[in-house]
Each structure stands twice: as structure tokens, then as C-alpha cells.
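Novice: Quick one: the structure is below, and I'll ask about it shortly.
Readers should treat all values here as calculations from the given coordinates under stated rules, not as data from a laboratory. Note that the structure is predicted; figures quoted are calculated from it, not measured. Every residue, glycine among them, receives a Cβ derived from its backbone with ideal geometry; neighbour counts consider all protein chains shown.
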Amino acid sequence: MREPKTPKTPKTPKVLHGAQVVLRPPTAGDIPLLAGIRARPEVRAIWRGGDDLVAAVTDDLADPDVTTLVIEYAGRTAGAIQWGAEQDPDYRHANIDIYLDPDVHGRGLGTDAVRTLARHLITDLGHHRIVIDPAADNPAAIRCYTKVGFRPVGIMRAYERGPDGTWHDGLLMDLLAADLTAE
């Protein structure tokens, strides 16, 4: 019988610099800003978080199995990107999730943030594979991830329950180290 693996806390980099964004560890002052972004209807529809988004963001930041970084653009908090990792050496890979303030959508910031984090995960932490799982009906996210080099693996049917209580499909995408695109 296989021994259960003890989850390891992902390593948090000091600061990562992209072409347009800076990814940095969060501070207590970021929590209300991130909660405000999560409260935006476009973000809340995907990320949800209950009635108390400050508590939801605080809980996310305290999760020992996930590393969350603030996305800064032009000196202000524009969103968050997080990653976790499967530690079993036979299945080792990382995963990424991201949300951005809708006021900065369409500027390539999501692509820059995902590419910057993916480069760190591959180059600095030695991951050979990264997965991401946007909603199958989120073409903007799928385009963003495709620009970084992610490829569709397949549809995960009835993958996630939406705010309306119904189940929705997700698209599993992965990126192998050799697929990472340059800026």
C-alpha cells in the first residue's frame, strides 16, 4: 500500500517580473482590494466566494497547498494568480488559476501573468507540465492560455457547479515545458 504524501507548501518567490505585470506576494492591505475585484460580476460568476469575500480571499491566502501572488499593473493591484502542485514524483505537475479586474481586461495582462508564472514554475521550480481548467464556455480565458502555449486536453463534462446550481463543462488544458511561448 502506498504511503500518503504529506502536502508541501509551494515555494513563494519574492517578486516575478513580466513584460507588463509584476507578480508579488500578497499583503494584508491587498485583501480588501482582491475582495473588491472578486465582487465584480464578471469575476464573481466564475470565482464566487460566498457572502463574505474578504473571508474568502483571506482563506485563499492561508491555504498551505496554494501559493497566491498579487498581479500588479501600473503600480496597482489588478488581480491574483495562484498555483499549486502535485507532489507525487510519478505524477508531479503544477496547476494555475487567475482572476483579473475587468477594468484591465483586453490588455494582455492575463497572458503576461500566466506566462510569467509558468516560466517560473518551469525554469526555477523544475515543473515539466502545468495544467489549467477554464470553463468550456470562457473563450477569452481559453485564448489567453493558448497564447502562452497551453493546449486543450479534453472537455470535463459537468465539471463545476455554477452559481445557478447547474453543472457546467470545463476544458482541461496543459502546457509542457517545451510549449511555453516567448512574449
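Novice: Over its Cα atoms, what ratio of radius of gyration to 2.2 N^0.38 Å does the stretch 113-165 give? Display every interim value, and only then the final one.
Specialist: Details: Rg = 13.1 Å, N = 53, 2.2 N^0.38 = 9.9 Å.
Rounded to two decimals, the normalised Rg is 1.32.
Novice: So what is the calculated 222 nm ellipticity per residue for the chain, using -39500 (n - 2.57) for each DSSP H run with n of 4 or more, over all residues, to the nearest 500 deg cm²/dmol?
Specialist: Value at 222 nm, helices only: -7500 deg cm²/dmol.
Novice: Rank-order 87-100, 107-120 by packing density, defined as the average count of other C-beta atoms within 10 Å over each peptide's residues, highest first.
Specialist: 107-120, 87-100
Novice: Run the simple label-point estimate for HIS168 and THR146 please: 7 Å along Cα→C-beta, distance reported in nm.
Specialist: 1.9 nm
Novice: For the chain, what is the charge dipole size about the Cα centre, in debye to the nearest 20, if Lys and Arg each add +1 at the Cβ and Asp and Glu each add -1 at the Cβ?
Specialist: Dipole about the Cα centre, nearest 20: 440 debye.
Novice: Work out the P(r) tail for the stretch 135-183: percent of alpha carbon pairs separated by more than 16 Å, whole number.
Specialist: 44 percent
Novice: So what does log10 I(q)/I(0) come out to for the chain at q = 0.09, 0.14, 0.18 Å⁻¹, using the Debye formula with one equal point on every Cα and no solvent?
Specialist: -0.31, -0.78, -1.34
Novice: Pull out the extension gain between MET156 and ARG40, defined as 0.36 nm times the separation in residues minus the alpha carbon to alpha carbon distance; nm, one decimal.
Specialist: Once the chain is fully extended between MET156 and ARG40, it gains 39.1 nm.
Novice: Another question about this same structure. When the Karplus curve 6.51 cos²θ - 1.76 cosθ + 1.60 is applied with θ = phi - 60°, which whole-Hz ³J(HN,Hα) does each residue of the stretch 107-115 get, with x for Gly and Pro?
Specialist: Calculated HN-Hα couplings, in order: 10, x, 5, x, 4, 4, 5, 5, 4 Hz.
Novice: To continue, here is another question. Work out the P(r) tail for the stretch 63-167: percent of alpha carbon pairs separated by more than 18 Å, whole number.
Specialist: 54 percent
Novice: Between ASP88 and LEU125, what is 0.36 nm times their sequence separation minus the Cα-Cα distance? Round to one decimal in nm. Walk me through the numbers on the way to the answer.
Specialist: Values: separation 37, 0.36 × 37 = 13.32 nm, distance 1.48 nm.
Stretched fully, the ASP88-LEU125 segment lengthens by 11.8 nm.
Novice: Hey, another quick one. If you build a Gaussian network model of the chain, linking Cα atoms that sit under 10 Å apart, which residue out of LEU125, LEU53, LEU171 swings the most?
Specialist: Evaluated over the chain, the most mobile residue of the options is LEU125.
Novice: Along the three principal axes, how long is the stretch 70-124 when you take its alpha carbons, biggest first, rounded to the nearest angstrom?
Specialist: Cα extents, longest axis first: 41, 18, 18 Å.
Novice: What is the pair-distance distribution P(r) of the stretch 41-111, computed from all Cα-Cα distances in 10 Å bins starting at 0, with each bin given as a whole percent?
Specialist: The percentages, shortest bin first, are 17, 45, 30, 8, 0.
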